[in-house]
Amino acid sequence: MGFFTDAYDLFCISTVSKLLGRLYYADSNAGSGKPGTLPVPVNNMVTGVALVGTLMGQLVFGYFGDKLGRKRVYGITLVLMAVCAIGSGLSFGTTHRSVIGTLCFFRFLLGFGIGGDYPLSATIMSEYANKKTRGAFIAAVFAMQGVGIIFAGLVSMVVSGILLRYNPAPSYKENPGMSAQLPAADYMWRIVLMIGAFPALATFYWRMKMPETARYTALIDGNAKQASNDMQKVLEITIEDEADKVAKFRAANGYPLLSREFARRHGLHLLGTTTTWFLLDIAFYSQNLTQKDIFPAINLTGPAESMNALREVFVISRAMFLVALLGTFPGYWVTVALIDKMGRYLIQLLGFFMMSLFMLVMGVKYEYLKDHNHVLFAVLYALTFFFANFGPNSTTFVLPAELFPTRVRSTCHAISAASGKAGALIAAFGVQKLTLKGDVKHMKEALIILSVTNMLGFFFTFLVPETMGRSLEEISGEDGNAGMGPSADVTRFPPPSTEWKPPSSILLFQTKIQN
């Protein structure tokens with residue numbers, strides 16, 4: 001539910017950003033016969049400021065997740081998300097400066113809370129799951145992002161549809177003043193943003209009841225007995241504590257993040273997870289934040305001047321809902337089903353390659369597809385969403401939660417995720433500039449640029465090893481072996497039958513779960 005909330009809060013802004021332009025920048029297109037739009041810098045700030053907050057929140061909360069414990073900071077992120085979702089729908093004043101300023105202020109803090117959810121959710125899930133189904137469990141957490149995107153479109157569609165029913169108005173072309181549908185349209189975007197607080201609040205109780213992960217309690221705090229007690233509550237089985245083995249594990253893995261030993265063992269892994277997530281998010285957030293600009297080209301929405309304000313929100317939300325339901329959502333859950341069979345590595349390579357291919361075709365043939373084959377354009381566009389999620393958008397979240405030692409797992413995931421958000425900022429402040437006006441030349445450029453970034457992601461994937469079928473301690477080398485660093489003798493695709501016997505029943509409780 002944390003990730004559901006994250007996605008809803010991040011992507012619901014795409015459904016209402018055009019409405020904000022109509023309401024608060026009505027004179028921006030004076031004389032053109034078109035409704036007002038947000039100026040490019042303002043539009044980029046409205047859609048991108050939450051991503052800046054997310055990047056910073058990932059680094060801060062990821063660090064404290066390793067220093068203070070996963071559970072201690074997990075509840076803070078939810079409270080921050082709930083308060084700031086409500087704050088996003090308020091405004092200190094009535095001018096466009098005060099409304100947009102308030103919105104950006106609260107969405108920055110909202111993003112800060114969302115950022116904390118990334119490393120903590122992934123780390124907690126990886127440290128609770130067993131090695132045979134760990135990939136599916138972590139991917140299932142991330143798959144709730146797809147559900148959140150669907151609900152962002154659905155909620156916007158329902159709210160705008162209800163208000164539209166009781167506030168009919170002519171189109172902008174017929175009557176510019178009446179088409180704004182004030183005050184209903186002003187209530188609409190505020191309601192949609194505030195609704196994001198409810199799932200966060202609903203989840204708070206269960207997060208507070210969740211015990212600290214046994215791996216953190218044993219390996220970082222050194223409390224084998226408490227780790228044993230916590231896992232017995234979770235699994236409802238008897239587990240013996242092995243304090244002597246815990247002490248050996250801690251002694252062998254005391255090296256910090258900024259050390260030669262970490263660089264030797266995991267330097268290439270961290271480079272691989274940061275670069276692939278960075279390149280993926282340039283494409284993924286470009287797809288999601290700019291889809292309102294693509295929709296007219298695939299005939300899912302009409303000209304803005306032919307609709308009133310609420311009608312435009314309704315058709316944008318409907319299009320976003322359909323693309324998410326048919327393209328985005330299935331990709332996440334196909335990953336959940338296959339990640340522990342195909343492996344992370346192959347899924348990531350396949351996803352990057354197919355995204356690059358489809359975006360190249362759309363970019364090269366943009367004019368033809370736009371003017372003569374809307375159906376094919378829509379299919380290709382949906383397939384890019386499918387292979388983003390049955391591909392690197394899921395695996396870049398899973399791999400950093402598996403590759404690194406317990407002592408720095410949350411921090412390394414945070415660094416990887418923050419690198420991704422840096423890519424998202426390029427999408428929000430760079431790629432979006434090309435798509436905002438919707439002209440053919442710049443749309444083609446944007447799609448071809450995204451094709452190239454995906455192909456780069458394909459090649460950087462070779463820095464990341466396969467983790468399927470191995471325990472976290474075996475992968476990271478915490479069991480005293482070489483791990484998966486440069487000196488390790490590992491295959492890219494481990495045979496599914498390979499079994500590793502855990503030295504500590506407290507830390508590696510996979511066998512207990514399976515039984």
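The values are calculated or read from the model by the stated rules, or taken from the named source; none is laboratory data. What you are looking at is a predicted structure, and each value in this text was computed from that prediction instead of being measured. No Cβ is skipped: glycine too gets one built from the backbone with ideal geometry, and neighbour counts run over all protein chains shown. Quick note on the areas: whole protein, heavy atoms, side chains included, nothing else; ligands and nucleic acids left out. Shrake-Rupley method; radii C 1.70, N 1.55, O 1.52, S 1.80 Å.
Full extension of the chain between Met178 and Gln226 yields a length gain of 10.8 nm, computed as 0.36 nm times the residue separation minus the alpha carbon distance. Solvent-accessible surface of the stretch 100-165, taken per residue with a 1.4 Å probe and all protein chains present: 25 Å². The 1.4 Å probe gives accessible areas that order Arg207, Arg264, largest first, as Arg264, Arg207.
Give me the percent of the accessible area of the stretch 14-147 that comes from carbon and sulfur atoms, probe 1.4 Å, all protein chains in place. Don't jump to the answer; show the numbers that get you there.
Numbers: 3110 of 4400 Å².
Of the solvent-accessible surface of the stretch 14-147, carbon and sulfur hold 71 percent.
Ordered from largest to smallest accessible area (heavy atoms of protein chains, 1.4 Å probe), the residues Glu466, Glu445 come out as Glu445, Glu466. Only protein atoms count toward the accessible area here, which uses a 1.4 Å probe; on the stretch 262-384, the carbon and sulfur part of that area reaches 71 percent.
Seen from a random direction on average, the alpha-carbon convex hull of the stretch 4-119 projects onto 7.2 square nanometres. With each label modelled as a point 7 angstrom along the Cα→C-beta vector, the Ala30-Arg260 pair spans 6.8 nm. Over all other residues within a Cβ to Cβ distance under 10 Å of Arg344, the charged ones net out to -3, with Lys and Arg as +1 and Asp and Glu as -1. Each label was represented as a point 7 Å from its Cα along the Cα-to-Cβ direction; for Val79 and Thr95 these points are 3.5 nm apart. Which of Lys34/Lys421; Lys132/Lys421; Lys67/Lys209; Lys71/Lys341 have a Cα-Cα distance over 25 Å? Going by Cα-Cα distance, Lys34/Lys421; Lys132/Lys421; Lys71/Lys341 fall outside the 25 Å limit.
Rounded to 0.05, the FRET efficiency of the Tyr368 and Val40 pair, given R0 = 25 Å and the Cβ-Cβ distance, is 0.35. How charged is the neighbourhood of Tyr63? Take every other residue with its Cβ under 13 Å from the Cβ of Tyr63, and add Lys/Arg as +1 and Asp/Glu as -1. Residues close to Tyr63 contribute a combined charge of +4. Probing with 1.4 Å while keeping every protein chain in the model, the per residue accessible area of the stretch 373-463 equals 29 Å².
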